[in-house]
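See below for the structure under consideration.
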Amino acid sequence: MEFTEAYKQTGPCCFSPNARFLAVAVDYRLVIRDVLSLKVVQLFSCLDKISYIEWALDSECILCGLYKRPMIQAWSLTQPEWTCKIDEGPAGIAYARWSLDSRHILTTSDFQLRLTVWSLVNTACVHVQWPKHASKGVSFTQDGKFAAICTRRDCKDYINLLSCHTWEIMGVFAVDMLDLADIEWSPDDSVIVIWDSPLEYKVLIYSPDGRCLFKYQAYESGLGVKIVSWSPCGQFLAVGSYDQMLRVLNHLTWKTFAEFLHLSTVRAPCYAVVFKEVDEPLQLDMSELCLSDDFMQGNSGIWGFLVIDATEGHVRVRYEVMDVPITLPSQKPPADKPNPKQGIEVLCHGAKTVGTFVLATIVCRLLSGYGTYTIWSLLPSWFTKILFEQLLGI
């Protein structure tokens, strides 16, 4: 494993979507570096310390959140002389994001008073009153034509559908939620999924015209939904909850397709393979230690007494297959503190074609565990075992 020299950073950093650039915040300056050479490509000076940065989807523009002002500044890599400054005045700015067309910026004011869509083409702006959340509650379709925004008024939650071409409200409908947590379009843009706060287990599937297609509620007592995630193909909907259970719904009947329980102890018989990461410290050859020329000439000051030639040494990452039964490391969250580190978090979905079959997997993380990740297959255990043996060459 090799490392570059250290570069100064005092704020956030972010890779561009095309993986060509790295944006680094250094106080009030925004430094754009090339990913391969790490040379400075552009340098922009903001009016205050940078609190947040986000790239546009086309990697041509980037916005900087100066939340202390509060203010948003946007820059262009292709046109360095172009600049944009957004100031909401007394309303303030709690969060800012790009639209999918990379030509509009959406800002949410403090206390969720309004959401404003700013056009970088004709400087027009559109307001949406009473957004439900600052950084959540907004979802775009895959084609970027429509946006769904959660709002709340008169102690009731609503979904506003907007056209991303004119930013006009196409429809508004109320939802049967106690406290709407978030919203997400399906990958095929056919339905919308919303879920309630952890105080109540409720997942609702809506059509774009406001019809409730299905209501899913696994249990009533206890903390409910932790996270909801679509598979890339849109055929499965994974719901992670606080009861350490991962439930997968199918898109045809919206019934439970599979349930996966995350236990702290893995016992036989099971088809699971448990890998444990083993730390191997770097073994340095002491014969390669030498005094630097600068030190011999007295130019090194108090730094760098020794120069270690470790070009031949590399850090190895090794995994061992553990025998079952095995107890996974975990911790019990305190009962007197809010937002307990408990439940399931869906990290990503995967799919691999093996012959005429598709091996669909879900990677989960147990929040109460120390670095414990679980990979679940959406195929029967006996068939999964055969596929894994084929993939591993057993």
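Worth a mention:
- Among residues of region 168-196 being small (Gly, Ala, Ser) and assigned to a loop (DSSP other than H, G, I, E, B), the one that is farthest from TRP230 (Cα to Cα) is SER190.
- Test: residue in region 60-70 that is touching a strand residue (DSSP E or B) at 6+ places or on another chain (Cβ under 6 Å) and farther than 26 Å from GLN142 by Cα: no
- Residue in region 29-45 that is surrounded by fewer than 19 Cβ atoms within 10 Å (Cβ to Cβ), acidic (Asp, Glu) and in a loop (DSSP other than H, G, I, E, B) present: no
- SER221 at pLDDT below 95 and surrounded by fewer than 19 Cβ atoms within 10 Å (Cβ to Cβ): yes
- Residue check, ALA19 in contact with a helix residue (DSSP H, G or I) (Cβ under 8 Å, 6 or more places away or on another chain) and open to solvent by 20 Å² or more (accessible area, probe 1.4 Å): no
So that you can scan it fast, the table gives a plain yes or no per residue for (1) in contact (Cβ under 8 Å) with a residue 12 or more places away in the chain; (2) surrounded by 18 or more Cβ atoms within 10 Å (Cβ to Cβ); (3) outside any loop (DSSP other than H, G, I, E, B); (4) in contact with a Gly (Cβ under 8 Å, 6 or more places away or on another chain):
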position: GLU5; (1), (2), (3), (4): no, no, no, no
position: THR10; (1), (2), (3), (4): yes, no, no, no
position: ALA23; (1), (2), (3), (4): yes, yes, yes, no
position: ILE50; (1), (2), (3), (4): yes, yes, no, yes
position: GLY65; (1), (2), (3), (4): yes, yes, yes, no
position: LYS68; (1), (2), (3), (4): yes, no, no, no
position: ALA74; (1), (2), (3), (4): yes, yes, yes, no
position: ILE93; (1), (2), (3), (4): yes, yes, no, yes
position: ALA96; (1), (2), (3), (4): yes, yes, yes, yes
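Table: residues versus (1) assigned to a strand (DSSP E or B); (2) acidic (Asp, Glu); (3) touching a Lys or Arg at 6+ places or on another chain (Cβ under 8 Å).
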| position | (1), (2), (3) |
| --- | --- |
| ALA147 | yes, no, no |
| ASN160 | yes, no, no |
| THR166 | no, no, no |
| PRO198 | no, no, yes |
| LEU213 | yes, no, no |
| PRO232 | no, no, no |
| GLY240 | yes, no, yes |
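- Evaluation of THR107 against (1) in contact with a Ser or Thr (Cβ under 7 Å, 6 or more places away or on another chain); (2) open to solvent by 20 Å² or more (accessible area, probe 1.4 Å) (one fails), failing number: (2)
- In region 258-275, residue farthest from TYR319 (Cα to Cα) [restricted to those that are open to solvent by 90 Å² or more (accessible area, probe 1.4 Å) and touching a strand residue (DSSP E or B) at 6+ places or on another chain (Cβ under 8 Å)]: GLU259
Rundown of residues vs (1) under 30 Å from ASN160 (Cα atoms); (2) hydroxyl-bearing (Ser, Thr, Tyr), yes/no style:
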{"site": "GLN9", "(1), (2)": "no, no"}
{"site": "CYS14", "(1), (2)": "no, no"}
{"site": "LEU30", "(1), (2)": "no, no"}
{"site": "VAL40", "(1), (2)": "no, no"}
{"site": "ILE50", "(1), (2)": "no, no"}
{"site": "GLU54", "(1), (2)": "yes, no"}
{"site": "TYR67", "(1), (2)": "yes, yes"}
{"site": "MET71", "(1), (2)": "yes, no"}
{"site": "THR83", "(1), (2)": "no, yes"}
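- Check on GLU88, more than 19 Å from the chain's Cα centre (by Cα) and crowded, with 17+ Cβ neighbours inside 10 Å: yes
- Selection status of LYS255, surrounded by fewer than 17 Cβ atoms within 10 Å (Cβ to Cβ), charged (D, E, K, R), at pLDDT 90 or above and within 22 Å of ASP176 (Cα to Cα): yes
- Looking across VAL278, VAL228, VAL248, one residue alone is over 19 Å from SER377 (Cβ atoms), at pLDDT 85 or above and part of a strand (DSSP E or B). It is VAL228.
- Apart from one condition, GLN283 fits all of (1) at pLDDT below 55; (2) loosely packed, with under 12 Cβ neighbours inside 10 Å; (3) not aromatic (Phe, Trp, Tyr); the exception is (1).
- Which numbered condition SER229 misses (of (1) farther than 20 Å from GLU345 by Cβ; (2) under 21 Å from the mean Cα position of the chain (by Cα)): (1)
- Subset of region 144-187 (residues that are open to solvent by 30 Å² or more (accessible area, probe 1.4 Å) and either within 20 Å of the chain's Cα centre (by Cα) or on the phi > 0 side of the Ramachandran plot (or both)): ASP154, CYS155, ASP182, GLU184, PRO187
- Residue list for region 110-143, restricted to those being open to solvent by 60 Å² or more (accessible area, probe 1.4 Å) and either aromatic (Phe, Trp, Tyr) or in a loop (DSSP other than H, G, I, E, B) (or both): PHE111, LEU113, VAL121, ASN122, THR123, TRP130, SER135, LYS136, GLN142, ASP143
- Candidate set from region 200-211 (those that are in a loop (DSSP other than H, G, I, E, B) and of a type outside the set (Asp, Glu)); member that is most open to solvent (accessible area, probe 1.4 Å): ARG211
- Residues that are under 20 Å from GLN235 (Cα atoms), surrounded by 13 or more Cβ atoms within 10 Å (Cβ to Cβ) and not charged (D, E, K, R) were ranked within region 315-353; the one that is modelled with the highest pLDDT is HIS349.
The values are calculated or read from the model by the stated rules, or taken from the named source; none is laboratory data. Computed from a predicted model, the values in this text were never measured in an experiment. For neighbour counting, all protein chains shown are included, and Cβ atoms are generated from backbone atoms with ideal geometry for every residue, glycine included. All accessible areas refer to the heavy atoms of the entire protein, side chains included, with ligands and DNA or RNA removed. Shrake-Rupley method; radii C 1.70, N 1.55, O 1.52, S 1.80 Å.
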